Amino acid sequence: MIEQIFYPQPIQLSRLKSGVINIIDIDREVYVIAIKLGDKLEIIEDICPHMGGLLSQGKYCPKTNTLQCSWHGYIFDLETHLFKENPNEEIWEKLRYPTKHFTPGKTPKYKLSLLAYEIRGDEAYVYRKGNLS
Ligand code: FES
C-alpha cells in the first residue's frame, strides 16, 4: 500500500506560518520542524546534527535563512543545510588548541536532516526515511 511510505499525519500547508519554526507532529509524537520562506518549504528532523538538541527550541532567522540550535548555538545555513558557524569559537579561542582529535579552524561537516515530501492539495505528505522521492 503506497500510503505506508508516508508518515500518517500530513502537514496542513495553509496553517504554516512564514519565516518561523513550525513544530509539527507527523506521527504520534514524531515531531519535525517546517520552515516556510516564500515558495520554499523545508521539513527537517527535530534533531541537531551536532549532539541531538531539539532544533524546535532554536531560532530561525529569515534574513540570513539560518537556523540556530539552542544547545550550543551552532548555526546552520538553510540553502546548503550545512553547519555554517559556531558563535562560541571567538569566546573559546584561547582554549581551542590542536589535538589528535581536533583541528582548530576546520569546519565540521554537520548537516541538517531533511525529509522529502509530496504536496497534495493543501497538504504535504512526509516520506518516511528510506522512502525518499
Ligand atoms: S546540539 Fe545543537 S549545537 Fe550542539
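No value in this document is a laboratory result; all are computed from the given coordinates. These numbers come from a predicted model, not from an experiment. Reconstructed Cβ throughout: ideal geometry from the backbone, glycine too, with neighbour counts over all protein chains shown.
Of the residues making up the stretch 39-55, those that are surrounded by fewer than 16 Cβ atoms within 10 Å (Cβ to Cβ) and more than 13 Å from the ligand (Cβ to nearest atom) are ASP39, LYS40. For the stretch 56-80, taking the residues that are in contact with a Gly (Cβ under 7 Å, 6 or more places away or on another chain) and closer than 13 Å to LYS111 by Cα, the one that is farthest from the ligand (Cβ to nearest atom) is identified as LEU67. Taking the criterion of being in contact with a strand residue (DSSP E or B) (Cβ under 9 Å, 6 or more places away or on another chain) and among the hydroxyl-bearing types (Ser, Thr, Tyr), the residues of the stretch 68-103 that qualify are SER70, TYR74, THR80.
Taken over the stretch 23-38, the residue count meeting the criterion of being surrounded by 15 or more Cβ atoms within 10 Å (Cβ to Cβ), more than 11 Å from the chain's Cα centre (by Cα) and part of a strand (DSSP E or B) is 3. Is it the case that LYS109 is more than 25 Å from TYR7 (Cα to Cα), of a type in the set (Lys, Arg) and not in a loop (DSSP other than H, G, I, E, B)? Spelling it out, it is not the case that LYS109 is more than 25 Å from TYR7 (Cα to Cα), of a type in the set (Lys, Arg) and not in a loop (DSSP other than H, G, I, E, B). A single member of VAL20, VAL32 is touching a residue at least 60 places away in the same chain (Cβ under 8 Å), among the aliphatic types (A, V, I, L, M) and under 24 Å from ARG128 (Cα atoms), and it is VAL32.
Of all residues in the stretch 64-94, those satisfying the criterion of being in a loop (DSSP other than H, G, I, E, B), within 12 Å of the chain's Cα centre (by Cα) and more than 20 Å from ILE23 (Cβ to Cβ) are GLU79, THR80.
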